[in-house]
Ligand code: NAP
């Protein structure tokens, strides 16, 4: 049953596509963002114009005080939480490991891993039957990079997604008997701003011919998988990894 859904990093890219689809499917959607309030408000406007309910909330989800405020806002404005999509993730410019600096490692691992743990923590406190909740679903947006390693590009980013995959496995087991399902999608080569942020805007166009399907993916294709994993149609699915990387 759709209810209140929090999607981190939902102003742009995969998170935005997931928010729009969730709005169409009847979820009351919290569109979290960090800097780009205009993009987040556009997502909210699209959902509301289509007859849905949505709210944009600025919060840096790698900081617990901001995560607490974000979840409290969802409680107050959208009602009991039934779903979380841990979607925030960043990569920085291409670099070999011997050239990585300490600050970057902290930034990437904090943004990608700490945020997912913090949001999972506060979602479980609300949704677990152990805490009086009614259950729910969490989807972690990982990456094919967790399997492939991203050599010569960003092994730090790939490793952060490996950590997220371990979170999916461990948390799914921890809360399986408490009404919460935890699953993961592992996209690859999706057309979003992500690649420009990592200093390579033409990456998908340049490399898509190397994929078995010979094309990049669209955020809407990832959103479909996320919505299925959140839904009751996936009621016996937990601890799973769905590959969305054109066969790579
Ligand atoms: P994107 O277009 O760059 O969007 C990233 C979103 O995250 C933005 O809305 C941004 O907010 C938000 N954000 C970043 N840091 C944040 C923080 N600390 N707190 C709150 N929000 C934050 O990225 P995307 O391609 O949609 O990526 C979404 C997820 O998919 C990521 O986890 C990424 O690793 C994963 N993924 C992407 C690809 C791909 O090819 N695109 C492939 C595999 C996996 P602002 O808009 O405010 O800046």
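The values are calculated or read from the model by the stated rules, or taken from the named source; none is laboratory data. Just so you know, these numbers come straight off a predicted model, no measurement behind them. FYI the Cβ positions are ideal-geometry reconstructions off the backbone, even for glycines, and counts take in every protein chain you see.
Going by what's in this entry, would residue 113 be described as within 26 Å of residue 172 (Cβ to Cβ), within 16 Å of the ligand (Cβ to nearest atom) and assigned to a helix (DSSP H, G or I)? Yes, satisfied. Taking the criterion of being under 21 Å from residue 69 (Cα atoms) and surrounded by fewer than 19 Cβ atoms within 10 Å (Cβ to Cβ), the residues of the range 4-38 that qualify are 34, 35, 36, 37, 38. For the range 175-187, taking the residues that are surrounded by fewer than 21 Cβ atoms within 10 Å (Cβ to Cβ) and either in contact (Cβ under 8 Å) with a residue 12 or more places away in the chain or within 12 Å of the ligand (Cβ to nearest atom) (or both), the one that is farthest from residue 246 (Cα to Cα) is identified as 178.
Within the option set 136, 170, 162, being under 21 Å from residue 62 (Cα atoms), at pLDDT 95 or above and more than 16 Å from the ligand (Cβ to nearest atom) holds for one residue only, 170. Can you tell which of 197, 192 is out of contact with any helix residue (DSSP H, G or I) (no Cβ under 9 Å at 6 or more places or on another chain) and within 10 Å of the ligand (Cβ to nearest atom)? Just one listed residue meets the conditions, 197.
Counting only helices (runs of 4 or more DSSP H) that sit wholly inside the range 1-101, those with at least 2 residues that are away from the ligand (no atom under 11 Å from the Cβ), within 22 Å of residue 167 (Cα to Cα) and in contact (Cβ under 8 Å) with a residue 12 or more places away in the chain are 64-78.
For every residue, the table says whether it meets (1) touching a residue at least 40 places away in the same chain (Cβ under 8 Å); (2) within 15 Å of the chain's Cα centre (by Cα); (3) surrounded by fewer than 20 Cβ atoms within 10 Å (Cβ to Cβ).
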| site | (1), (2), (3) |
| --- | --- |
| 191 | no, no, yes |
| 197 | yes, no, yes |
| 210 | no, no, yes |
| 217 | no, no, no |
| 227 | yes, yes, no |
| 234 | yes, no, yes |
